[in-house]
Structures are given as C-alpha cells and as structure tokens.
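Contents: one structure, followed by commentary.
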Amino acid sequence: MSVFKIPQGLCDDIEKAIARFWWGSSDTHKSIHWTRWEKLCHAKIRGGLGFREFSSFNQALVAKQGWRILQNPESLMARILKAKYFKHTSFMDAKLGSQPSFVWRSILWGRQVLHKGLRWRIGNGRQISIYNRNWIQKHELKSHGMHMELPNDTVVADLIDERHHWKEEIICQHFSKEA
C-alpha cells in the first residue's frame, strides 16, 4: 500500500468491508446507518471517527516514496529511477515516459500530493520560474493583462535587484495585489 497504487475498486471494497463491520451489517442482516460514512471519515477533532478514505491514504503513502527521492537523491532507489526516468530533469518535472513500470506510475500518482504542498525556497531565484513553480503560498500568479506580460522564461531572480530587494515597480506593474 505504501509503494504501489492500489486499484480504486479494491479500495472501495476495503472501505465497504470496514463499513459493514462498523454498522454490524451482514449478507442476511441490514442495519441502520445513523450518519454518512464520509462523515465518519473526518478527523475526530472535526466530529468524525478518523476512518481513512483508502484511496487518499494510499496516495499519501505512495507520495512518501517521492519525498524520499527528494530527500535522499543518492539512495539506490533514487539513482535507479533517475537513470531510467528523469535523467536530464528533476523528479518534480519528470514525465511518465514510454513503457513506465507500475512503481514509477504509482510514484508519479503520489507526486500529485507533493505538488500541492511543496513550495520553493527562493535563494538566488535563478532556477524558479515565476509562472511554472509554486513559490508563493496559496496564490497562483496571473498577470494583470493591462501591461505587456513578462516572458514565460522569467525567473524570480529577474524580480530581485542587486541589493537583494524586490523590484516593486515591476511586481506592481505586472501582478495583482493578492499575490
């Protein structure tokens, strides 16, 4: 469950078996469901019982394999996958490729969780595209449209001056205040 994507049908069957056990149902006896199963899957602090949605739980566990690739790039697993699937790019930019293994397909499926939660640390900003990277928390940059858009290959370093301060005039000219 922590290495491979489990088929959705199997996840559904597992959840049904747990629900039948919880409600005390069987093939011969139907019980009353006092609340929706989805509500029971909420965290206890939110009024649920903390049951897991197996597909999401499986994706989170598989995402942990992607996190290991990011954190331990010299591990045997990371080196093998890099040599086969993302030789000339980063793990976060890697494509599925032709004839991928089930492990690689699973890891890329889990990587979606990482894409949602990871943010770049700016540093010098030379490698961070202003349009194609999550570098501002909770916001996606969109140009005003009133002014000429910055080129697609613009990086964060282009918005920082030699004293390491933001070029506020360019930022205000091209981007909305929400960002």
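The values are calculated or read from the model by the stated rules, or taken from the named source; none is laboratory data. Everything quoted here is computed from the prediction, not taken from an experiment. As a convention, Cβ positions derive from the backbone with ideal geometry for all residues, glycine included, and neighbour counts pool all protein chains shown.
Which one is nearest to G123 (Cα to Cα), of the residues in region 153-179 that are assigned to a loop (DSSP other than H, G, I, E, B) and at pLDDT 80 or above?
It comes out as H164.
Among the residues of region 31-59, those identified as part of a helix (DSSP H, G or I), surrounded by 14 or more Cβ atoms within 10 Å (Cβ to Cβ) and touching a Gly at 6+ places or on another chain (Cβ under 8 Å) are L40, Q59.
In region 101-109 there is at least one residue that is part of a loop (DSSP other than H, G, I, E, B) and at pLDDT 90 or above. Looking at R68, R36, which one is of a type in the set (D, E, K, R) and within 18 Å of V103 (Cβ to Cβ)? From the options R68, R36, the qualifying one is R68. Filtering T89, T28 for residues that are part of a loop (DSSP other than H, G, I, E, B), at pLDDT below 95 and under 22 Å from the mean Cα position of the chain (by Cα) leaves a single hit, T89. The conditions of being modelled with pLDDT of 80 or more and in contact with a Leu (Cβ under 6 Å, 6 or more places away or on another chain) are not met by K116. For E74, the requirement of being without any contact (Cβ under 8 Å) to a residue 24 or more places away in the chain and in a helix (DSSP H, G or I) is not met. Taken together, the residues in region 1-19 that are assigned to a helix (DSSP H, G or I) and surrounded by 11 or more Cβ atoms within 10 Å (Cβ to Cβ) amount to 10.
Listed by first and then second residue, the pairs linking a residue in region 10-29 that is farther than 21 Å from S55 by Cβ to a residue that is assigned to a helix (DSSP H, G or I), with Cβ atoms under 8 Å apart and 6 or more places separating them unless they lie on different chains, are S25/A19; S26/R20.
Here is a yes/no grid of residues against (1) of a type in the set (G, A, S); (2) farther than 27 Å from I107 by Cβ:
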residue: I6; (1), (2): no, no
residue: L10; (1), (2): no, no
residue: A17; (1), (2): yes, yes
residue: W22; (1), (2): no, yes
residue: S25; (1), (2): yes, yes
residue: L40; (1), (2): no, yes
residue: A43; (1), (2): yes, no
residue: G48; (1), (2): yes, yes
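With respect to K84, is the statement that it is modelled with pLDDT under 90, basic (K, R) and not in a loop (DSSP other than H, G, I, E, B) true? No; evaluated as a whole, the condition is false for this residue.
Scan region 138-151 and tell me whether some residue there is of a type in the set (G, A, S), in a loop (DSSP other than H, G, I, E, B) and modelled with pLDDT of 80 or more.
First pass over region 138-151, keeping only residues of a type in the set (G, A, S): 143, 145.
This time we only want the ones that are in a loop (DSSP other than H, G, I, E, B), so: 145.
Still in the running and modelled with pLDDT of 80 or more: none.
Looking through region 138-151, none of the residues is of a type in the set (G, A, S), in a loop (DSSP other than H, G, I, E, B) and modelled with pLDDT of 80 or more.
For W22, the conditions (1) loosely packed, with under 11 Cβ neighbours inside 10 Å; (2) more than 30 Å from W135 (Cα to Cα); (3) in contact with a helix residue (DSSP H, G or I) (Cβ under 9 Å, 6 or more places away or on another chain) all hold with the exception of (1). Among residues of region 119-136 being over 11 Å from the mean Cα position of the chain (by Cα) and either modelled with pLDDT of 95 or more or of a type in the set (D, E, K, R) (or both), the one that is nearest to Q59 (Cα to Cα) is R133.
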